[in-house]
Structure formats: structure tokens, C-alpha cells
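Here's the structure we're looking at; comments come further down.
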Amino acid sequence: MVSTELNEGWSTLGVPSIITKALVEQNFYSPTAIQALALPPAILGRRDILGAAETGSGKTLAFGIPVLNGILELQKKEGKTVQSTSGKFREVNKDEEAVSDVSDNEGDENDEPMPEERSIDKNGIGLVKVVNNVKFDEFDNVKPTKPLYALILTPTRELAIQIKDHLTKAAKYTDIKIAVVVGGMAAVKQERILSKGPEIVIATPGRLWELIDEGNPHLSQLPSVKYLVIDETDRMLEKGHFLELHNIIERINSVESKVKRRQTFVFSATLTLVHDIPDYLQRKKIRNSKSKIFKLTPGQKLQKVIDMLKVKNPKIIDVTKDTGTARNLTECRIACTIDHKDYYLYYFLKRHSGRTLVFCNSIGCVKRLATLFGILECKPLPLHASMPQRQRLKNLERFQADENGLLIATDVAARGLDIPCIEHVIHYQVPRTSESYVHRSGRTARAQKEGITVLMMEPTEKPYYSRLCKTLNRTEDLPTFPVVDRLLVAVKERVNVAREIDKLELTCRRDNSQKGWLQKAAKDMDLLLDDEEFETTMEVKEMADLKRKLKGKRAHLASLLKKPLFPKNFSGKFLDTSLELSLNQNSQKAIDVMKKAIDDYPKLKKKKLSGIPKTKNIASKKQLGREKKRREKKLK
């Protein structure tokens with residue numbers, strides 16, 4: 001039984017005991033700020049909610065609990081059983097989480113930059129080719145037998161699956177069924193899941209619209225849904241960003257009488273944050289002087305959401321602070337050249353243990369870093385939109401299982417993912433928008449835990465950095481993360497050897513690829529190639545030398561990796577100051593190092609925003625001092 005004291009924290013907000021019991025079992029004894037403000041008007045007042053809260057503040061349950069409560073009340077009115085003392089009902093729909101080996105890679109916000117995937121999806125290629133004989137006649141003209149009460153839309157597949165897991169746990173003692181509809185699952189399997197009549201459907205817009213367009217019986221009830229939730233709303237609703245989403249909203253709003261009875265929830269960490277117009281839209285505006293692309297104020301942004309979703313008398317809740325990031329997040333930066341970013345990243349990973357998430361702006365950068373740090377035996381796990389869904393989920397699971405895991409990802413991992421105990425978030429490249437920075441940084445410092453985010457910045461990224469600080473109302477520069485320069489010598493040696501190995505391996509792969517292409521072409525044309533004709537741009541002797549060189553480089557790196565990178569009993573200095581750092585331990589907490597640097601060293605405290613400051617070193621100061629003394633002697 002749930003104790004009376006624990007019950008009071010939730011029951012005063014209108015949460016039924018059947019849900020409270022499941023929450024307490026997960027150690028959720030009291031609501032967070034966003035939950036305490038959103039639940040009473042949503043449950044007791046049935047008002048629409050527009051919520052903005054920091055990442056990791058409990059937004060999922062802020063909309064999930066009212067939806068579950070509303071469905072329970074509807075089931076009571078219809079005379080259905082709503083409780084299970086053992087929670088066994090949650091085992092009925094195990095197919096919800098099953099993911100097929102087939103990947104169609106469409107429909108997610110962060111998959112849009114991949115035009116190849118779009119073309120594949122439009123032509124219907126690659127979808128469940130092993131089930132050619134399946135007949136769909138059974139779905140034609142079939143009226144749904146079970147109601148669809150709620151639709152939850154998210155920008156990414158991973159976020160959809162995560163929301164499903166959270167709501168499943170909260171609904172443990174009910175018979176509410178929850179289904180996930182995302183790209184990466186076989187279409188036939190999703191038809192089967194929907195045929196079971198789940199009360200809640202969580203989906204990404206692309207795959208959902210595909211099934212709606214095919215006339216799925218269960219999804220034909222969309223205009224009648226009682227609850228509509230759009231999570232991470234702001235970017236999803238931007239014009240042209242998600243064509244399928246606009247089609248879905250039009251379908252949902254097609255029956256005016258149903259709209260009036262619907263409760264809508266709109267949540268995002270950056271709902272009230274106004275970011276600068278992205279570069280590609282800026283260029284479009286310059287090319288077309290008549291373009292109506294302009295920057296919205298917070299009020300205009302909210303009004304646009306209200307008009308599009310036909311929100312009625314909304315309760316607007318904003319618990320974000322002006323900077324947009326969590327209060328227990330420590331922010332800092334490393335200013336360096338583009339070639340030195342790899343050095344500082346390797347230094348950070350080896351010096352500060354813990355689960356680390358590295359964000360890049362492009363898939364190409366993710367692949368390069370994954371290869372390089374794989375050679376350095378850091379066990380990196382890549383995550384990006386062009387990966388099959390099954391592999392994406394596997395890499396996320398491996399990352400969660402390793403307390404010192406390294407995940408290198410694009411923004412596909414930036415929104416909504418709740419991976420426990422991520423200690424470090426590193427922006428390998430400066431995000432192009434402030435929203436990306438907020439959502440990326442929000443992967444750490446979640447649920448009242450501390451975290452650190454490090455922004456790696458090279459000179460050409462200064463405009464993006466300045467714009468980011470301006471949008472987030474930062475009047476002061478981010479503090480510099482302390483690095484022991486004398487330890488970078490060994491770091492550079494390892495990284496440089498790994499880079500050489502990467503280049504040599506790439507040359508070998510290209511030559512093998514060219515030979516493979518020739519062999520395939522000759523086979524297709526039934527031709528026999530002589531040895532001379534078979535030779536490509538690289539001669540046999542040259543290839544042998546290259547492989548020998550590659551073997552030597554690998555042996556050299558292996559010997560370097562066996563040696564300790566940071567020798568014991570060594571006293572280094574932060575940057576170039578007299579502040580000493582004990583390196584008797586091989587690993588230190590990055591957040592502790594940063595806090596100590598800010599407290600103990602005044603020059604590392606925040607400076608007025610001034611771009612990238614030049615690093616001053618002790619040697620140059622001494623030289624200037626000697627020169628000054630010489631001049632004084634001459635004057636005397």
C-alpha cells in the first residue's frame with residue numbers, strides 16, 4: 001500500500017491513487033515544479049497546457065499523468081475495468097517495442113537532411129520486402145472496435161520510445177495499452193499493433209502520416225481523439241519543417257465539434273525561447289526580398305502555436321530561467337584551433353572519467369570522430385540519422401550500460417532523451433542555434449543531478465558563439481575549462497599517430513573498392529581481366545609498402561597506448577598560471593575541476609563577452625619583464 005504521506009504529494013494535484021502507486025514504486029515521491037503547476041489545471045480544470053521547462057524537469061509526466069487520468073475516467077463512464085492489482089495488463093502488448101531488422105529511415109525531424117532516405121521512402125523501396133504475399137484487404141472498410149483516446153507526437157523515434165516506456169510504468173496498474181508508431185519498424189508489424197486498439201498512440205509524423213494515408217482503421221479516429229500532445233513543439237511546428245505534421249494537424253482539426261472537446265498539451269524546453277533565424281532561411285530571405293521570414297517574439301511564437309493547434313483558453317506555464325539551461329549545469333568552453341579539437345577531446349576523455357556525450361553538427365563529423373577514437377581504443381558509439389533504427393537503439397543501450405561510455409551523435413540524440421547519469425556533454429562544434437545548445441546541454445544535469453557541458457570553439461565559430469550568448473541572455477563570457485598544457489604533448493603524439501593510421505586505412509579501402517568495382521564490372525560483362533589490366537592506380541609494390549607502413553604505425557600506437565598518458569607524481573598548472581593541480585590520480589571529476597578553477601583562480605572567472613581571448617603564457621610574461629628591465633637600465 002502507498003503510504004498516506006506519499007499519497008498526499010500527488011493526490012492534492014488530482015492524481016488518482018492507481019497512478020500514484022506506480023509513481024511511488026519508481027521513487028517519484030513528489031512532483032517537480034512543472035508537474036506541480038501543470039497537473040491541477042490539466043486534471044481538475046481540464047485546461048489546455050502550454051508548458052516550457054528546463055530539460056530533465058519531468059515534462060513527460062506533466063502531460064502523461066493528465067492523459068492517463070482522463071482515459072481512466074472515460075473508461076469508467078463506459079463501464080470498463082481500469083485496474084489491475086498485479087500490473088499484468090502491461091504485458092499484453094509486447095509487440096509495441098519490437099523493432100524489425102528492416103529500416104526505412106523516414107519521418108523524423110533529424111532525418112530530414114538525408115535526401116536519399118526521403119526518395120527511398122517516397123518510392124516505397126526497402127519496406128518489408130520479405131512479406132510480398134501479405135494481403136491488406138482485411139483492413140478495408142473495417143470500422144475500429146476500440147477507441148483511440150490520445151495521440152502524442154514527437155520529433156524523433158528515440159524520444160517516442162522513451163515516452164512510451166515512462167507512460168507504461170505510470171500506467172502499470174491499469175489496462176491502458178500504448179503503441180509506438182515510428183520509422184524503422186516493419187509496416188506490417190505496426191498494422192498488427194494498431195489492430196489491437198491501443199488507447200494511446202505515440203508517433204513520429206512521417207510514419208504516422210503514411211499509415212493514415214493508407215487508411216488504417218484505428219487511425220481513422222484521429223479527429224475524435226480526446227487528448228493531443230506535441231512534445232518538443234517549437235521546431236516541429238516551424239513552416240516547412242515537417243510537412244507531414246501539418247497534414248496530421250489538419251486531419252485532427254477537420255471536425256470542429258470534436259476540436260472543442262479535445263484537450264491539448266504543448267511542451268518544450270525552448271517554447272518561450274526566441275532563436276535567430278537559421279542560416280539557410282537567412283540566405284533565402286536575402287535571395288527573395290518578398291520573403292516573409294522574420295524573427296518572432298515570445299508572444300508571437302506562442303500565438304502561432306495556439307492558432308495552429310486551435311488551443312482553447314490555455315494555461316501558459318514557464319519555469320525556465322532566462323538562460324534556458326538547468327540550474328545545476330556547469331557551463332564552460334575551450335577555445336582552440338580546428339586541428340586541436342581532437343587533442344582536447346582526447347585529453348578530456350582520458351583525464352575525466354564518466355559517461356560522455358559528444359555532439360557534432362554533421363553526420364560526416366560523427367563518422368570521422370567514431371573512426372579516429374575507435375583507433376585510439378576509446379570505444380566510441382556513433383548515433384546519427386542515416387543509421388538503421390535497430391543499430392541506433394543498440395548503441396543507446398550499450399551507452400547506458402557503460403558507466404564510462406562515449407556516444408558521438410548528431411542532434412538526433414539532442415531532444416528529449418533521458419539517459420541516466422550522463423556526466424559530460426561536449427559540443428565538438430558550436431551549435432548553429434541556441435535551441436540546439438539548450439537541448440544538447442539538457443542531456444546532462446537532469447533530475448536534480450549535476451552535470452557539465454563543454455563548448456569547443458575555433459575562431460571561425462565566433463559569430464555562432466556570440467549569437468548563442470546573445471539569445472540566451474548571457475552578458476558574460478563562458479569560463480574557460482582548465483587544461484594542463486604540459487600533458488598535451490603525449491596526447492598530441494597519440495592522436496597524430498591515430499590520424500596517420502586513419503589516412504592509410506582510407507587509402508587501402510579506396511584501392512580495394514576500386515578493384516572490387518572492376519571485378520564486378522568484368523563479371524557483369526563476362527570478361528576476363530589480365531593481371532596488367534587488373535592493376536589500378538596503385539601498384540602491387542606500392543600497396544605492399546603502404547600495408548607495411550600501416551602495420552608499423554599500428555604497432556607504434558599500441559606501444560603508446562600501453563604507457564600511462566598522465567604520469568603519477570607530476571605537478572602541472574592550469575593553463576599557464578601558478579595554480580597547481582595534483583595529478584596523483586589518473587582521473588578527476590570534470591565538474592569538480594571546473595568549480596575549483598572558478599573558485600581558486602580569479603582569472604578563470606567569467607569575463608565580459610569579448611569573443612575568443614588570446615591565451616597568455618608565463619614564458620612570454622617573463623620575457624616582457626626582462627625586456628622592460630633592460631629598457632629601464634638604458635634610460636638610466
### Task
Quickly work out the Lys146-to-Asp402 label distance, labels modelled 7 Å from Cα along the C-beta direction, and quote it in nm with one decimal.
3.9 nm
### At R0 = 56 Å, FRET efficiency that the Cβ-Cβ distance of Asp592 and Lys549 yields, to 0.05
0.85
### Query
Taking the Cβ-Cβ separation of Leu74 and Glu250 as r and a Förster radius of 30 Å, what is the calculated FRET efficiency to the nearest 0.05?
0.75
#### Entry: Full-extension gain in nm, Glu476 to Asp599, via 0.36 nm per residue minus C-alpha separation
42.6 nm
### Task
Work out the FRET efficiency for Arg46 and Ile338 from their Cβ-Cβ distance, taking R0 = 60 Å, and round it to the nearest 0.05.
0.65
### Task
Please work out how much length the chain gains when fully extended from Glu450 to Arg261, using 0.36 nm per residue of separation minus the C-alpha to C-alpha distance, in nm with one decimal.
63.9 nm
### Task
Please list 447-460, 423-436 highest first by mean number of surrounding beta-carbon atoms within 10 Å per residue.
423-436, 447-460
### Summary
Expressed in angstrom, Rg and Dmax over the Cα atoms of the stretch 163-223 are 11.6, 34
### Summary
For the table Lys562/Lys595; Lys394/Lys553; Lys164/Lys258; Lys260/Lys310, the rows whose alpha-carbon distance is greater than 20 Å are Lys562/Lys595; Lys394/Lys553; Lys164/Lys258
### Message
How much length would be gained if the chain were fully extended between Ser466 and Asp213, taking 0.36 nm per residue of separation minus their Cα-Cα distance, in nm to one decimal?
### Response
86.6 nm
### Query
With respect to the cross-link table entries Lys196/Lys449; Lys177/Lys315; Lys462/Lys549; Lys196/Lys304, which display a Cα-Cα separation exceeding 30 Å?
Lys196/Lys449; Lys462/Lys549; Lys196/Lys304
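No value in this document is a laboratory result; all are computed from the given coordinates. If you're wondering where the values come from, they're calculated on a predicted model, not measured in any experiment. Neighbour counts run over all protein chains shown; Cβ positions are idealised from the backbone, glycine included.
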